[in-house]
Amino acid sequence: MIVFIDIVLLTLLVATAISLVRLRNLIATIMLAGIFSLLSACLFMTMDAVDVAFTEAAVGAGLTTVLMLGALVLIGREEKVPGKGSALPLVVVLITGFVLIYGTMDMPYFGSPDAPIHQHLVDRYVEKSGGPDGEVGPPNVVTSVLASYRGYDTMGEVAVIFTAAVSVMLLLGVGFATKREDAS
Amino acid sequence: MKIEIAYAITMCVILLSMALTLVRAFRGPSLYDRILAVNSFGTMTVLFIAVLGFLEGRPAFMDVALMYALINFIGTIAVLKYFKFGDLAHAGRTSKDEALPSNTSLPS
């Protein structure tokens, strides 16, 4: 059943991509790009990558639509019809695609138990992290990995997110509104 | 076992309606057809994820589907605001007798 769902979703994805390239109306293009993101999110869901799928849907279908519309206010609604270009871009795209596919040849198959990630550390995390005598303690393996085994990585992420939040608050001027009213 | 078949049939119907919605998004003569297509495609995604969770025996996907429903409307609201005011940063109408800007005619 999953294979059938994947085939249908990939077919729809290819159809969306072809239609996206052929359309000249930029608003319709933005709409179709949102659909493309939602389809990709569905595909990620079938591969059990729930967090990736959610990020794809939130950023691709939600935020990017708003940003693209903001750009559209500045540039107008119709794309210029390009003249007859050379075949060079097509060749470059085909070569890049071939190289990318060739690069995946060495990778283990999706969900394969022989993949390095399933042989390297996961057993130790699952068996030794939890419990009163465990290396970390919490019963949830993911919590142990995030908070202890990969603690420095998580601390860096928190710093990045905090910086982003402070920047956004500065840009929006939160906290300065009252002062401005006093001045005027 | 029978409930599995019901889930499978539901999934097929959802995929079919996804395809039909895509056809409307590709062909849609007016832009409002395409906006509606994107919005209903978001709804299809919510349904898809919910049914996929039950199909794979992981009903916890239901929560993820609910989160999708929460973020689904942002893009649609942005597009509609763009059509109504011609500007995303517009604050909206402040009083009733203020006339709408002239560029609110239906786009083709």
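Mean residue ellipticity at 222 nm from the helices of chain A, using -39,500 (n - 2.57) per DSSP H segment of n ≥ 4 over the full residue count, to the nearest 500 deg cm²/dmol?
Values: 10 runs with 120 residues, N = 184.
For chain A, the value works out to -20000 deg cm²/dmol.
Stretching the chain fully between residue A:64 and residue A:162 yields a gain of 33.1 nm (0.36 nm per residue, less the alpha carbon separation). Our note on the geometry: Cα centres of the range A:5-55 and the range A:154-170, 30 Å apart. Within 10 Å of the Cβ of each residue in A:69-80, the mean number of Cβ atoms contributed by other protein chains is 2. Taking all Cα pairs closer than 8 Å and separated by 6 or more residues, the relative contact order of chain A comes to 12 percent. Between residue A:75 and residue A:88, the simple spin-label model (points 7 angstrom out along Cα→Cβ) gives 2.1 nm.
Lysine pairs in the protein assembly as shown with Cα distance under 29 Å, only those 8 or more apart or on different chains: how many are there? Don't jump to the answer; show the numbers that get you there.
Details: A:80/B:81; A:80/B:84; B:81/B:96; B:84/B:96.
Taking the Cα cut-off of 29 Å, the pair count is 4.
What is the calculated FRET efficiency for residue A:11 to residue B:24, with r their C-beta to C-beta distance and R₀ = 25 Å, to the nearest 0.05?
Working: r = 17 Å, r/R0 = 0.68.
For residue A:11 and residue B:24, the calculated efficiency is 0.90.
A crude spin-label estimate for the pair residue B:80 and residue B:2, with each label 7 Å from Cα along the Cβ direction, gives 4.2 nm. The charge dipole of the range A:1-135, taken about its Cα centre with unit charges on the Cβ atoms of Lys, Arg (+1), Asp and Glu (-1) only, comes to about 1020 debye. In loop segments of the range A:67-145 as defined by DSSP, the chymotrypsin sites (Phe, Trp or Tyr not before Pro) with at most 16 further C-beta atoms inside 10 Å of their C-beta are A:109, A:110. Tell me the label-point distance for the pair residue A:148, residue A:135, using the 7 Å Cα-to-Cβ offset, in nm and rounded to one decimal. Simple spin-label model gives 0.9 nm for this pair.
Note down the magnitude of the dipole of the protein assembly as shown about its Cα centre, charges +1 on Lys and Arg C-beta and -1 on Asp and Glu C-beta and zero elsewhere, to the nearest 20 debye.
Once rounded to the nearest 20, the dipole reads 1320 debye.
Read the figures in this text as sums done on the coordinates, not as results from a lab. Predicted model only: the values in this text are computed from it and were never measured. Cβ: placed from backbone, ideal geometry, glycine included. Neighbour counts: every protein chain shown.
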